[in-house]
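Student: Take a look at this one; I'll ask things after.
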Amino acid sequence: GIIGFIGNDALNGILNGLELLEYRGYDSAGFAIRRAGESQPEIHKCQGRVKDLREISPKTGDYTCGIGHTRWATHGGVSDTNAHPHRVGKVTLVHNGIVENYKELREANEVEAVKKLKGTYALVVMFDDIPDTIYATRNVSPIVVAKNEELTILASDPAALYEYSKEFFVLDEKCILKATKAQVSVVDFNGQEVQ
């Protein structure tokens, strides 16, 4: 299950959202979160349940943006290291589904690899140099998005959104969502705006 949260009290928003996604089954859980204006997120992850994750999480903090994940290990073993989120360079992400051509993309080191993904997937990404912003894309695997005056939240299941809004939209396949607390925009892979 995936959760993304931009707004005040993001820490509790992410942990509560992950608990609402527990019914999907998983063997590890984790999140990446940052304070307003900070570039690098703190990453907390572990094998086990969300209650185990809560035990190793900060108890308070002025966190305003983050992404989280509950995961079944399909590639690699069940371990703290293999739990999501993953971070490489300035990119932190969580992922649902299976990217069938990941080896080819890794070998090619493609900058615009998202256009070349094959498989059923949902990716939610934060970049160090783009604060308080979450990006998402999907193919078959769902991403739903809700927004109110206080926050923007996205998830792999509407159940994680209902505390904040009863209205949401499903991100179109093969589009890129850019979400901040104030605004949500969507473009297709050619950069054309999607309503």
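Student: If the limit is 25 Å between Cα atoms, which of K45/K166; K90/K181; K90/K178; K116/K178; K45/K116; K90/K116 go over it?
Tutor: In this structure, K45/K166; K45/K116 lie more than 25 Å apart at Cα.
Student: Calculate the FRET efficiency for V88 and S165 from the Cβ-Cβ distance with a Förster distance of 45 Å, rounded to the nearest 0.05.
Tutor: 0.85
Student: While we're on this one: Hey, what's the chain come to in accessible area per residue, 1.4 Å probe, Å²? Walk me through the numbers on the way to the answer.
Tutor: Values: 9700 Å² over 195 residues.
Dividing the accessible area of the chain by its residue count gives 50 Å².
Student: Pick out which of G61, G119, G89 has the largest mean-square fluctuation in a Gaussian network model of the chain, springs linking Cα atoms closer than 10 Å.
Tutor: Looking only at G61, G119, G89, the largest GNM fluctuation is found for G89.
Student: A further question on this structure: For D188, what is the net charge nearby, where nearby means another residue's Cβ is under 9 Å from its Cβ and Lys, Arg count +1, Asp, Glu -1?
Tutor: With Lys, Arg at +1 and Asp, Glu at -1, the neighbours total -1.
Student: In straight Cα distance, which aspartates and glutamates are under 15 Å from K174, not counting same-chain residues fewer than 8 positions off?
Tutor: Filter leaves E112, D188, E193.
Student: Could you name the lysines in cross-link range of K51, using Cα to Cα under 22 Å and dropping any fewer than eight places away on the same chain?
Tutor: K59
Student: Which whole-Hz ³J(HN,Hα) couplings does region 32-40 yield from phi under the Karplus relation 6.51 cos²θ - 1.76 cosθ + 1.60, θ = phi - 60°, glycine and proline marked x?
Tutor: 10, 8, 9, 7, 3, x, 7, 9, 8
Student: So, one more: Within the chain, what's the longest run with no chymotrypsin sites (Phe, Trp or Tyr not before Pro) in a DSSP loop and at most 15 other beta-carbon atoms within 10 Å? Give the range, please.
Tutor: The segment 73-161 is the longest one with no such site.
Student: In whole Hz, what ³J(HN,Hα) sequence does region 154-164 give by Karplus (6.51, -1.76, 1.60; θ = phi - 60°), x for Gly and Pro?
Tutor: 9, 7, 8, 8, x, 4, 7, 9, 4, 5, 9
Student: Figure the gain on full extension for E42 and N12 (residue separation times 0.36 nm, minus the Cα-Cα span) and round it to one decimal in nm.
Tutor: Gain in length upon complete extension: 9.3 nm.
Student: Additional query: Among residues other than Q40 whose Cβ falls under 14 Å from its Cβ, what is the net charge (Lys/Arg +1, Asp/Glu -1)?
Tutor: Counting the neighbours of Q40, the net charge comes to -1.
Student: Scan around D9 for amide H atoms under 5 Å from its own, H built in the peptide plane at 1.01 Å from N, and keep only partners 5 or more places away or cross-chain.
Tutor: The answer is Y63.
Student: Select from region 11-73 those trypsin sites (Lys or Arg not before Pro) which occupy a DSSP coil region and have at most 11 other Cβ atoms within 10 Å, ordered by residue number. List each step's numbers first, then the result.
Tutor: Numbers: sites: R24, R34, R35, K45, R49, K51, R54, K59, R71; in loops: R49, K59.
Qualifying residues, ordered by number: K59.
Student: Can you run phi through the Karplus equation (6.51, -1.76, 1.60; θ = phi - 60°) for region 118-124 and list ³J(HN,Hα) in whole Hz, with x for Gly and Pro?
Tutor: So the J values, rounded to whole Hz, are 10, x, 9, 8, 9, 10, 10.
Student: In addition: How high is the relative contact order of the chain, in percent, with contacts defined as C-alpha pairs under 8 Å that are six or more residues apart?
Tutor: Relative contact order here is 22 percent.
Student: Got a number for carbon plus sulfur as a percent of the chain's accessible area, 1.4 Å probe?
Tutor: Details: 4880 of 9700 Å².
Using a 1.4 Å probe with all protein chains present, the chain comes out at 50 percent carbon and sulfur.
Student: Then there is this: What are the aspartates and glutamates whose alpha-carbon lies under 13 Å from the alpha-carbon of K118, with same-chain residues fewer than 8 places away excluded?
Tutor: Correct list for K118: E100, E104, E173.
Student: Rounded if a/c is under 1.5, else prolate if a/b is larger than b/c, else oblate: which is the chain, with a ≥ b ≥ c the root eigenvalues of its Cα gyration tensor? Spell out each step's value before the answer.
Tutor: On the way: a/c = 1.38, a/b = 1.08, b/c = 1.28.
Rounded shape, in that the Cα axes give a/c under 1.5.
Student: Taking H placed 1.01 Å from N in the peptide plane, check which residues at least 5 places from G119 or on another chain put their amide H under 5 Å from its amide H.
Tutor: Placed amide hydrogens put E100 under 5 Å from G119.
Student: Shifting gears a bit: Along the Cα→Cβ direction, 7 angstrom out, place labels at F127 and R54. What is the inter-label distance in nm?
Tutor: Each label point is offset 7 Å from its Cα along the Cβ direction, giving 3.5 nm.
Student: Another question about this same structure. Add -39500 (n - 2.57) for each DSSP H run of 4 or more in the chain, then divide by its residues: what number comes out at 222 nm, to the nearest 500 deg cm²/dmol?
Tutor: Numbers: 3 runs with 25 residues, N = 195.
It comes out at -3500 deg cm²/dmol, rounded to the nearest 500.
The values are calculated or read from the model by the stated rules, or taken from the named source; none is laboratory data. Just so you know, these numbers come straight off a predicted model, no measurement behind them. Cβ: placed from backbone, ideal geometry, glycine included. Neighbour counts: every protein chain shown. Side chains included, ligands, DNA and RNA excluded: accessible areas come from the protein's heavy atoms. Shrake-Rupley method; radii C 1.70, N 1.55, O 1.52, S 1.80 Å.
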